[in-house]
Amino acid sequence: MMQKDEKGMNRLVVIGGGAAGFFCAVNAARLHPQLEVRLLEKTNKLLSKVKVSGGGRCNVTHALSSIPEMAKRYPRGTQFLKKSFVRFFVPDTVRWFGERGVQLKTEDDGRMFPVTDSSQTIIDCLLREADRYGVKVQMQSEVSGITRRGEEWIIQLRDGNTISARYVCVAAGGYAQAEKFGWLRELGHTIEPPAPSLFTFNMPQNPVTALMGVSVPDAQLKIAGLKLQESGPLLITHWGMSGPAVLRLSAWGARLLQSLQYTFTLLVNWLPAYHESSLRDAWPELRLSMGGQMIYTKNPFGLPQRLWHFLLQQSGINENARWAELPAKEQNKLIRCLTGMEFPVKGKTTFKEEFVTCGGVRLSEINPDTMESRMVPGLFFAGEVMDVDGITGGFNFQHAWTSGWIAAGLKQTDPHLPAQPGALSGR
């Protein structure tokens with residue numbers, strides 16, 4: 001064991017070199033110049049999720065101006081975030097990056113990206129801040145445990161070394177296996193079991209996979225037998241289905257779908273403006289207006305042609321059939337395919353490298369105003385290690401910035417720290 005580190009009582013150690021950890025470290029170093037801030041990253045890569053997010057563009061946040069509306073985009077953590085977003089929200093994120101030369105733009109769907117369309121812009125900004133304020137970054141430094149000794153923390157590393165600190169912020173991200181949280185359980189914290197979130201649906205050997213690359217701008221998805229439902233863009237892939245609607249459905253259903261071992265039936269309505277009975281009511285007029293036209297060449301719904309042909313084939317409709325001659329049996333089958341086609345799902349696939357895990361430290365054990373543990377003083381949390389996760393669209397990054405910022409304040413009531421006016425205001 002190392003000799004006693006005299007600087008430990010004047011140090012913050014941040015565990016995790018992702019978005020939340022970096023944001024905590026750089027802001028704490030700026031707000032508390034008397035503290036040494038040390039950031040520990042277990043791998044040899046920093047900000048790896050930032051790098052790959054948004055197809056390499058980094059979806060920094062989402063342009064929602066209402067805190068209650070924003071909080072609804074988180075399957076877990078809604079009430080907690082209503083409180084924390086008051087301290088640091090979307091305008092604060094935009095301002096923070098803007099003051100450091102990073103301008104953000106808003107796309108039609110509300111997602112916000114750097115104007116450079118490069119995640120490296122965000123990474124470079126955070127690295128500059130770390131350098132500017134003297135954050136000490138230690139790579140390949142995996143934490144194996146932390147213990148309390150008097151008023152300081154002792155952080156044990158896998159290589160056998162230890163580091164002492166007055167404050168610790170855990171921003172280690174989500175863990176796929178519950179046992180990985182053991183070192184936090186030993187501190188008295190309760191861990192909500194982890195489950196994958198934001199994943200795509202596997203449909204092994206389903207003929208729909210022949211349509212890989214086909215996208216539908218608006219489809220309605222349901223899980224048979226459950227109340228889960230989502231609408232939005234859908235993408236057919238070589239393994240099954242993806243796209244925002246699927247990812248959102250996977251997030252809301254993370255625990256339920258895990259309990260089903262990712263084996264269930266997905267119902268797809270390709271025409272959300274209709275349901276089966278309303279399309280059946282509208283069909284006679286459609287049929288009359290199409291008359292003697294070939295059904296394969298006349299698609300009145302604006303669906304991609306490859307998808308339209310697939311639906312006709314699945315309904316058993318002859319390639320030479322005309323609208324006016326469509327038999328009742330095939331017509332009924334087509335209506336069902338259009339408004340509630342069944343797809344057996346067996347398994348999941350990680351969405352690119354943007355995996356998200358629900359579960360983590362129980363939120364009732366964390367103060368949303370400070371991100372400090374309610375169980376142990378001087379211990380803070382930021383990011384996905386908490387039981388908070390959002391749907392796709394920049395929401396998980398906003399939680400990372402918010403929790404990292406708040407944790408960086410290290411609670412203004414601490415007598416060991418001088419007052420920092422506005423430290424938690426986001427201004």
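Restricting attention to the stretch 289-316, report how many residues are farther than 21 Å from residue 212 by Cβ, free of Cβ contacts under 8 Å to residues at least 24 places away in the same chain and part of a helix (DSSP H, G or I).
Of the residues in the stretch 289-316, 1 are farther than 21 Å from residue 212 by Cβ, free of Cβ contacts under 8 Å to residues at least 24 places away in the same chain and part of a helix (DSSP H, G or I).
Quick one: would you say residue 26 is over 23 Å from residue 365 (Cβ atoms), exposed (fewer than 15 other Cβ atoms within 10 Å of the Cβ), in contact (Cβ under 8 Å) with a residue 12 or more places away in the chain and more than 16 Å from the chain's Cα centre (by Cα)?
Details: over 23 Å from residue 365 (Cβ atoms): yes; exposed (fewer than 15 other Cβ atoms within 10 Å of the Cβ): no; in contact (Cβ under 8 Å) with a residue 12 or more places away in the chain: yes; more than 16 Å from the chain's Cα centre (by Cα): yes.
No.
Residues are listed down the side, and each one gets a yes or a no for (1) assigned to a helix (DSSP H, G or I); (2) closer than 24 Å to residue 359 by Cα; (3) at pLDDT 95 or above:
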site	(1), (2), (3)
210	yes, no, yes
216	no, no, yes
220	no, no, yes
233	no, no, yes
238	no, no, yes
241	no, no, yes
245	yes, yes, yes
261	no, yes, yes
266	no, no, yes
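From the set of residues in the stretch 369-378 that are within 23 Å of residue 88 (Cβ to Cβ) and not small (Gly, Ala, Ser), which is modelled with the lowest pLDDT? Working first, answer last.
First pass over the stretch 369-378, keeping only residues within 23 Å of residue 88 (Cβ to Cβ): 369-374, 377-378.
Then drop every residue that is not not small (Gly, Ala, Ser), which leaves 369-372, 374, 377.
Working: 369: 97, 370: 97, 371: 98, 372: 97, 374: 96, 377: 93.
The selected residue is 377.
Just to confirm my filter: which helices (runs of 4 or more DSSP H) fall fully inside the stretch 53-113 and include at least 1 residues that are acidic (Asp, Glu)? Working first, answer last.
On the way: elements: 67-71, 78-84, 90-98.
So the answer is 67-71, 90-98.
Just to be sure before I move on: is residue 251 in a helix (DSSP H, G or I) and not assigned by TED's automatic domain parsing to the domain that holds residue 18 in the structure I sent?
Details: in a helix (DSSP H, G or I): yes; not assigned by TED's automatic domain parsing to the domain that holds residue 18: yes.
Yes: the conditions hold for residue 251.
Condition test on residue 128, is it touching a helix residue (DSSP H, G or I) at 6+ places or on another chain (Cβ under 8 Å) and outside any strand (DSSP E or B)?
Working: touching a helix residue (DSSP H, G or I) at 6+ places or on another chain (Cβ under 8 Å): no; outside any strand (DSSP E or B): yes.
No.
Of the conditions (1) over 24 Å from residue 48 (Cβ atoms); (2) among the hydroxyl-bearing types (Ser, Thr, Tyr); (3) buried (at least 22 other Cβ atoms within 10 Å of the Cβ), residue 197 fails just one. Which one is it?
(1)
Taking the condition of being buried (at least 19 other Cβ atoms within 10 Å of the Cβ) and under 26 Å from residue 158 (Cα atoms), how many residues in the stretch 43-61 meet it?
4
Can you go through 182, 188 and tell me which one is in the same structural domain as residue 109 (by TED's automatic domain parsing), surrounded by fewer than 19 Cβ atoms within 10 Å (Cβ to Cβ), small (Gly, Ala, Ser) and assigned to a loop (DSSP other than H, G, I, E, B)? Don't jump to the end; show me each part of the working.
Working: 182 fails: assigned to a loop (DSSP other than H, G, I, E, B).
The unique qualifying residue is 188.
Given the conditions (1) in contact with a Pro (Cβ under 7 Å, 6 or more places away or on another chain); (2) part of a strand (DSSP E or B); (3) farther than 15 Å from residue 267 by Cα, which single one is not true for residue 176?
The single condition residue 176 does not satisfy is (2).
Is one or more of the residues making up the stretch 30-43 part of a helix (DSSP H, G or I), in the same structural domain as residue 361 (by TED's automatic domain parsing) and touching a strand residue (DSSP E or B) at 6+ places or on another chain (Cβ under 7 Å)?
no
Would a scan of the stretch 142-163 turn up a residue that is within 17 Å of residue 378 (Cβ to Cβ), part of a loop (DSSP other than H, G, I, E, B) and assigned by TED's automatic domain parsing to the domain that holds residue 381? Talk me through it step by step, then tell me what you get.
Restricting attention to the stretch 142-163, the residues satisfying the condition of being within 17 Å of residue 378 (Cβ to Cβ) are 143, 145-156, 162-163.
Then keep just the ones that are part of a loop (DSSP other than H, G, I, E, B); that gives 150-151.
With assigned by TED's automatic domain parsing to the domain that holds residue 381 added as a condition, the list becomes 150-151.
Taking every residue of the stretch 142-163 in turn, at least one turns out to be within 17 Å of residue 378 (Cβ to Cβ), part of a loop (DSSP other than H, G, I, E, B) and assigned by TED's automatic domain parsing to the domain that holds residue 381.
Kindly check whether there is at least one residue in the stretch 162-174 that is farther than 30 Å from residue 347 by Cα and loosely packed, with under 14 Cβ neighbours inside 10 Å.
Step one: of the stretch 162-174, the residues farther than 30 Å from residue 347 by Cα are 162-170.
Subset that is loosely packed, with under 14 Cβ neighbours inside 10 Å: none.
Checked against the condition, which is being farther than 30 Å from residue 347 by Cα and loosely packed, with under 14 Cβ neighbours inside 10 Å, the stretch 162-174 yields no hits at all.
Is it the case, given these coordinates, that residue 279 is in a helix (DSSP H, G or I) and of a type in the set (A, V, I, L, M, F, W, C)?
yes
Condition check ((1) modelled with pLDDT of 95 or more; (2) within 28 Å of the chain's Cα centre (by Cα)) across all residues:
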| site | (1), (2) |
| --- | --- |
| 331 | yes, no |
| 347 | yes, yes |
| 358 | no, yes |
| 367 | yes, yes |
| 395 | yes, yes |
| 410 | no, yes |
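Taking the criterion of being small (Gly, Ala, Ser) and on the phi < 0 side of the Ramachandran plot, would at least one residue in the stretch 51-62 satisfy it?
Here is the first cut: in the stretch 51-62, the ones small (Gly, Ala, Ser) are 53-56.
The next check asks that each one be on the phi < 0 side of the Ramachandran plot; those that pass are 53.
The answer is yes; a qualifying residue exists.
Tell me which of these residue 406 doesn't satisfy, since it passes every other one: (1) surrounded by fewer than 24 Cβ atoms within 10 Å (Cβ to Cβ); (2) modelled with pLDDT of 95 or more; (3) of a type in the set (Val, Ile, Thr).
Residue 406 satisfies every listed condition except (1).
Considering the stretch 108-135 alone, what residues qualify as being among the charged types (D, E, K, R), surrounded by 13 or more Cβ atoms within 10 Å (Cβ to Cβ) and more than 18 Å from the chain's Cα centre (by Cα)? So that I can check it myself, show each step before the final result.
Filtering the stretch 108-135 for residues among the charged types (D, E, K, R) gives 108-109, 111, 117, 124, 128-129, 131-132.
Next, from what is left, pick out any that are surrounded by 13 or more Cβ atoms within 10 Å (Cβ to Cβ): 111, 117, 124, 128-129.
If the condition is that a residue be among the charged types (D, E, K, R), surrounded by 13 or more Cβ atoms within 10 Å (Cβ to Cβ) and more than 18 Å from the chain's Cα centre (by Cα), then 117, 124, 128, 129 are the ones that fit.
Residues are listed down the side, and each one gets a yes or a no for (1) surrounded by fewer than 17 Cβ atoms within 10 Å (Cβ to Cβ); (2) assigned by TED's automatic domain parsing to the domain that holds residue 57:
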residue: 310; (1), (2): no, no
residue: 323; (1), (2): no, no
residue: 344; (1), (2): yes, no
residue: 361; (1), (2): no, yes
residue: 366; (1), (2): no, yes
residue: 369; (1), (2): yes, yes
residue: 375; (1), (2): yes, yes
residue: 378; (1), (2): no, yes
residue: 388; (1), (2): no, yes
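The values are calculated or read from the model by the stated rules, or taken from the named source; none is laboratory data. A quick note: this is a predicted structure, and the numbers were derived from the prediction, not measured. Note: ideal-geometry Cβ built from the backbone for every residue, glycine included; neighbour counts use all protein chains shown.
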